[in-house]
Structure formats: structure tokens, C-alpha cells
1. For a test of the definition: using alpha carbon positions, the gyration tensor, and the 1.5 limit on a/c, classify region 39-122 as rounded, prolate or oblate.
2. Using 0.36 nm per residue, how much length does the chain from L75 to L156 gain when fully extended, once their Cα-Cα distance is taken away?
3. Of the peptides 109-117, 90-98, how do they stack up when ordered by the mean number of other Cβ atoms within 10 Å, highest first?
Amino acid sequence: MPISWSLRRNGRRVWDGNCHHVCDDVNCDYYLEYQPFLEYVSFILVIASLVQLVEMFLKKYVPELYQTLGIYLPLITTNCAVLGLALFMVLRDYNFVQSAIFGFGAGVGFTLALVIMAGIRGELEEEAIPKPFRGTGITLLTAGLLALAFMGFSGLVPV
């Protein structure tokens with residue numbers, strides 16, 4: 001269907017294009033009705049954001065508690081990825097065997113991505129990187145290139 005503003009549904013002006021639906025009035029859940037994964041993404045983003053805010057607050061105002069909790073605060077954010085996988089399996093209506101295979105594959109893929117990223121970062125520490133790209137800049141660039149590389153695997157197995 002071509003992108004058009006002239007389509008009307010229930011008196012609302014709706015833009016239909018590549019899975020984008022924009023409504024004029026405030027109470028329009030048409031988009032979430034057909035895209036339920038966005039609810040899960042929003043849950044995970046809210047949890048991860050709140051954990052990061054709590055971590056920053058503790059680091060600034062209660063450093064003793066921040067030191068005591070140590071690695072456990074960032075692990076809560078990592079658990080959001082696990083929650084996302086579990087909710088994704090429910091959304092796709094996987095049975096037990098499919099869920100086990102999906103969970104195992106996701107774990108292996110996540111481990112592979114972490115090992116590759118750690119190896120690349122270890123090699124980059126010994127290289128002469130221009131000052132603006134040091135630290136977060138080169139890490140984000142590396143993550144983007146890795147994401148592009150892994151996207152090549154997306155068409156290997158038909159779903």
C-alpha cells in the first residue's frame with residue numbers, strides 16, 4: 001500500500017506505510033496492536049534506564065553502598081536481555097523444545113559476541129587510535145561493525 005494520508009479508519013486520519021501507523025487522536029493503540037514486541041522493548045528500556053539512574057545516584061551520593069553492590073547493579077541491566085528473550089519466546093508461541101534451542105542459540109551467540117568484542121578491544125588498546133575515537137567512540141564503531149557482520153547471518157536460515 002503506498003504511503004498516504006488520505007486513508008481514514010473510524011474517523012481517524014491514518015498514515016499507512018512500512019509498518020508505520022500514526023493517528024491524530026491520543027487514544028490510538030492501533031500500532032501496538034499489530035506490533036506487540038514494542039511493549040516488551042519498552043519494558044526492558046524502562047527497567048534498564050531506572051537501573052542506570054539508580055547506579056549513577058548511588059555512585060554520587062552513597063559511594064559505600066555503590067562499592068558494596070559492585071558488579072551486581074550492571075548485572076540487573078544484563079538480566080533485561082534475558083527477560084527480553086523469555087518474552088520473545090512467549091510472543092512467538094514456542095513450545096518447550098523450540099524455547100530450549102532458541103535459548104541455547106541466544107546464549108551461544110551472546111557469548112560469541114562478547115568474546116569477539118573483548119578480543120577486538122584488547123587489540124585496539126595496543127594500536128595508535130586518533131584521540132577523538134579513543135574509548136567510547138572506537139567501542140561504538142566496533143560494535144556497529146560487528147552488528148553489520150552478524151546481520152549477514154540473518155538470511156542463512158529461512159524462518
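Any read-out appearing in this document is the output of simple, stated calculations on the displayed coordinates, not a laboratory observation. Quick caveat, the model's predicted, so the values are computed rather than measured. All Cβ positions, glycine included, derive from the backbone under ideal geometry; neighbour counts span all protein chains shown.
1. oblate
2. Gain on stretching L75 to L156: 26.0 nm.
3. Put in order of decreasing packing, that is 109-117, 90-98.
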